[in-house]
Amino acid sequence: MSYTLPEKLKNLPKYDPVTEIYRVRLDANESFLEMPEEIKKEILEAVSHVEFNRYPDPNSTKLCEKFGKLFHVKPELLTAGNGSDELISIIVPNFLGERDTMLTILPDFSMYTFYTRMVGARTEALNKDENMEVTAEDVIEKAAQVNARLLVFSNPCNPTAVTMGREDILKIVGAVDAMVVVDEAYMEFSEGSVLDEIENYDNLIVLKTCSKAFGMAAIRLGFAAANARITNILKTLKAPYNVNSMTQAVGCVILGHKEYLEKCAAQIKEVTREFYQDMKTLAERKKDIQRLYPTETNFLYVKTERSDEIFEALKKEGISIRNMNGYLRISAGSKAENRELVQVLDRLLQ
Ligand SMILES: *Cc1c(COP(=O)(O)O)cnc(C)c1O
């Protein structure tokens, strides 16, 4: 017997989510809001009606209806996923052939490139400028130059917190010969969604998640919105029972609470704005903070040469954030948590 692993499975780059227990968790861009008791009760009631001996609805029909109503999208143009992570893992390898090229715009969410390995596809990157911006023209030119078949980016961007304007996005979608995936995981905190444009293009997929503004990271639920042709392909590619019955039941409850969800997003936005202001005041006094980026998300992106030290020092205080090699990404927590973070930084920095 001599078994050797396929080359692509050797030295896999790991996505390293925080697994240690921290007192203050500002590392995963989760919502800091807790689910109200009344809604929790409705959820328990809904889960109690799940038929545990049966497979889930493969099309998550009711869930797509609820989500479609909330976002004014036809439910038949939605594909539900076990988090938008699952949808990314389906789209990236399948919309690329061997030796095809995917274009990313860096820095961006790291999971996009991971799946290209599985099909032996190539990735090319366009780097953002000092302001963490690129122009539509830059993207279009680069896509043509590398013959990109797939272009994936988040808008607003994780980790930079910066948003690209709707007109620029549509200009790109209209000009490139690639499938364009716009990951709108944080769009509830910003504006300029292209969700209403999916039927106007042959090459547009918009990803949404319930994990961020809606505070439902635990149930793993995301959606892909695209025209009928693409949606048909996505539904064929996904595993038949990808969204479990409990998630479907819970998702239906929560997505039915429009006002609550809007309130959550507004509250998180407001707390992030205050957090940004406090950090800005701090940054004006501390030369260690080279730059604080404007944010249209629920996190801050900070440029500092001392990112490693700060990251380690915060860890010792029981606070976890993301260290990104000269930059820090800090999720907005509760007011008290954000204030504590600013105070600790005030002590640590020069
Ligand atoms: C958090 C995040 C996701 C993952 O969302 P899930 O639905 O929880 O899998 C996808 N894209 C971006 C840019 C994110 O920040």
Response to the item:
Checked Gly222, Gly256, Gly251 against criteria (surrounded by fewer than 22 Cβ atoms within 10 Å (Cβ to Cβ) and of a type outside the set (A, V, I, L, M)); the one match is Gly256
Practice prompt. Give the residue that is nearest to the ligand (Cβ to nearest atom), with candidates limited to residues of segment 174-188 that are crowded, with 23+ Cβ neighbours inside 10 Å and assigned to a helix (DSSP H, G or I).
Written response: Met187
Practice prompt. Please indicate, with yes or no, whether at least one residue in segment 53-74 is surrounded by 15 or more Cβ atoms within 10 Å (Cβ to Cβ), touching a residue at least 40 places away in the same chain (Cβ under 8 Å), under 30 Å from Ser110 (Cβ atoms) and among the acidic types (Asp, Glu).
Written response: no
Worksheet item: Applying the selection to segment 259-277, what residues are surrounded by fewer than 18 Cβ atoms within 10 Å (Cβ to Cβ), touching a helix residue (DSSP H, G or I) at 6+ places or on another chain (Cβ under 8 Å) and over 30 Å from Cys64 (Cβ atoms)?
Response: Glu274
Worksheet item: Does Gly120 satisfy the condition of being touching a Ser or Thr at 6+ places or on another chain (Cβ under 9 Å) and at positive phi?
Response: no
Practice prompt. Could you list all residues from segment 178-212 that are among the hydrophobic types (A, V, I, L, M, F, W, C) and within 16 Å of Pro159 (Cα to Cα)?
Written response: Val182, Ala185, Met187, Phe189
Worksheet item: Are there any strands (runs of 3 or more DSSP E) wholly within segment 65-151 with 1 or more residues that are more than 20 Å from Val176 (Cβ to Cβ) and within 20 Å of the chain's Cα centre (by Cα), and if so which?
Response: 78-81
Fill in: All positions within segment 75-99 that are among the small types (Gly, Ala, Ser) and either in contact (Cβ under 8 Å) with a residue 60 or more places away in the chain or within 16 Å of the ligand (Cβ to nearest atom) (or both)
Ala80, Gly81, Gly83, Ser84, Ser89
Practice prompt. Only residues that are away from the ligand (no atom under 16 Å from the Cβ), modelled with pLDDT of 85 or more and surrounded by fewer than 17 Cβ atoms within 10 Å (Cβ to Cβ): list them for segment 13-32, please.
Written response: Tyr22, Arg23
Practice prompt. Please go through segment 128-153 and pick out each residue that is buried (at least 24 other Cβ atoms within 10 Å of the Cβ) and either in contact with a Gly (Cβ under 6 Å, 6 or more places away or on another chain) or within 23 Å of Asp196 (Cα to Cα) (or both).
Written response: Val139, Leu150, Leu151, Val152
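The values are calculated or read from the model by the stated rules, or taken from the named source; none is laboratory data. Fair warning: this is a prediction, and the values are worked out from it, not measured in the lab. Every residue, glycine as well, gets a Cβ built from its backbone with ideal geometry; the counts of neighbours run over all protein chains shown.
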